[in-house]
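One structure is given here, and the rest of the page talks about it.
Values quoted throughout were computed directly from the atomic coordinates according to the rules given, and no laboratory measurement underlies them. Please read these numbers as outputs of a predicted model, since none were measured by experiment. Glycine also receives a Cβ, built like all others from the backbone with ideal geometry; neighbour counts cover every protein chain displayed.
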Amino acid sequence: MPPIVPISEHTIKTSELAVEARGLTKTYDAGGSTIWALRSLDLRIGRGERVALLGKSGSGKSTLLNLLGGLDQPTSGTIRVAGADLHAMRPDAMARFRLETVGMIFQAYNLIDSRTALENVELPMIFAGRGKRARRARARDALAEVGLSDRLSHRPNQLSGGERQRVAIARALVNRPSVLLADEPTGNLDSTTAREVLDHLLDHLTQNKTTLIVVTHDKDLADLAAARIVRLHDGQIVSEDES
Ligand SMILES: Nc1ncnc2c1ncn2[C@@H]1O[C@H](COP(=O)(O)OP(=O)(O)OP(=O)(O)O)[C@@H](O)[C@H]1O
Ligand SMILES: [Mg+2]
């Protein structure tokens, strides 16, 4: 008889894991006091799984995404993403990981102001060493998919908030990452545009079997986008349920 394992343990074989965080802790020093952004958090996410991360402001959601995307380092604990141990990665491998393995949609877009929409979407492909014609074509397609064919040469300050968000989404998907980390990806869109962008995003994820971790305050978006909901409170996972 195999041992009985609680369902809450999320028993996914290690080879099928896209994300595995163990004992993840992140503290910040602020004016002599210590802020515990994440407290010994454990999380396992299977390949192709879609997870929504919910939690009130300050609960550690963006901190967690930044650590999983290799943008920041934990105070303690380990992270594996797509089979790679982030802690053990050399700088060149880490740069490639950020470009090719993960796509990130940030809460604050992080577009480059001096570049056009088309150039912003091209950037990850430039760093990945793709030829100019191929990357132009792919960037155009990616922008067309988010409904921005007529804004290719606009710079971010010539775009609305929702349009900037859509450029950021196109940029995050353009290298076809295996893991997409999205922080409030439709937070600045009206409900109709949000739904269109989300439908496009989900189609892309399904076609490419992309793993998704999406942070949102919107329970409807969580239900629509993710089969699994993880709730954070004070840097810890407090509950998990199916959506
Ligand atoms: N660089 C920093 N220095 C000090 N404290 C920080 C820093 N970054 C985040 N924090 C603190 O860590 C905690 C978690 O922040 P985080 O940005 O992860 O929250 P969040 O869940 O994404 O919130 P929101 O929903 O508002 O985006 C907060 O209390 C925040 O003030
Ligand atoms: Mg945040």
Which of the peptides 149-157, 73-81 is most tightly packed, and how do the rest follow, going by the mean number of other Cβ atoms within 10 Å of each residue?
73-81, 149-157
If R0 = 22 Å, then ALA134 and HIS87, at their Cβ-Cβ distance, give a FRET efficiency to the nearest 0.05 of 0.05
Grab every C-alpha pair in the stretch 100-243, bin the distances at 10 angstrom width from 0 up to the longest one, and report whole percents.
12, 43, 33, 11, 2
Could you give the alpha-carbon Rg of the stretch 27-115 over 2.2 N^0.38 Å, rounded to two decimals?
1.20
How large is the convex hull of the C-alpha atoms of the stretch 72-163 per residue, in Å³?
129
Give the residues of the stretch 53-70 whose amide nitrogen is closer than 17 Å to a point set 7 Å from the Cα of HIS217 in the direction of its Cβ.
53-63
If we sort 167-179, 24-36 on the protection proxy, mean other Cβ atoms within 10 Å, highest first, what's the order?
167-179, 24-36
To the nearest 20 Debye, how big is the dipole of the stretch 153-241 about its Cα centre, given +1 on the beta carbon of each Lys and Arg and -1 on that of each Asp and Glu?
440
Tell me the relative contact order for the chain as a rounded percent, counting alpha carbon contacts under 8 Å between residues six or more apart.
27
Between their Cα atoms, which of LYS132/LYS219; LYS26/LYS219; LYS61/LYS132 are more than 32 Å away from each other?
LYS132/LYS219; LYS61/LYS132
Distance in nm between pseudo-label sites at THR25 and ASP199 (7 Å out along the Cβ direction from Cα):
4.7
How big is the equivalent ellipsoid of the chain along its three axes, where each semi-axis is √(5λ) from the Cα gyration tensor, reported in whole Å from largest to smallest?
30, 20, 19
Full-extension gain between SER57 and ASP141, please, as 0.36 nm times their residue separation minus the C-alpha to C-alpha distance.
26.8 nm
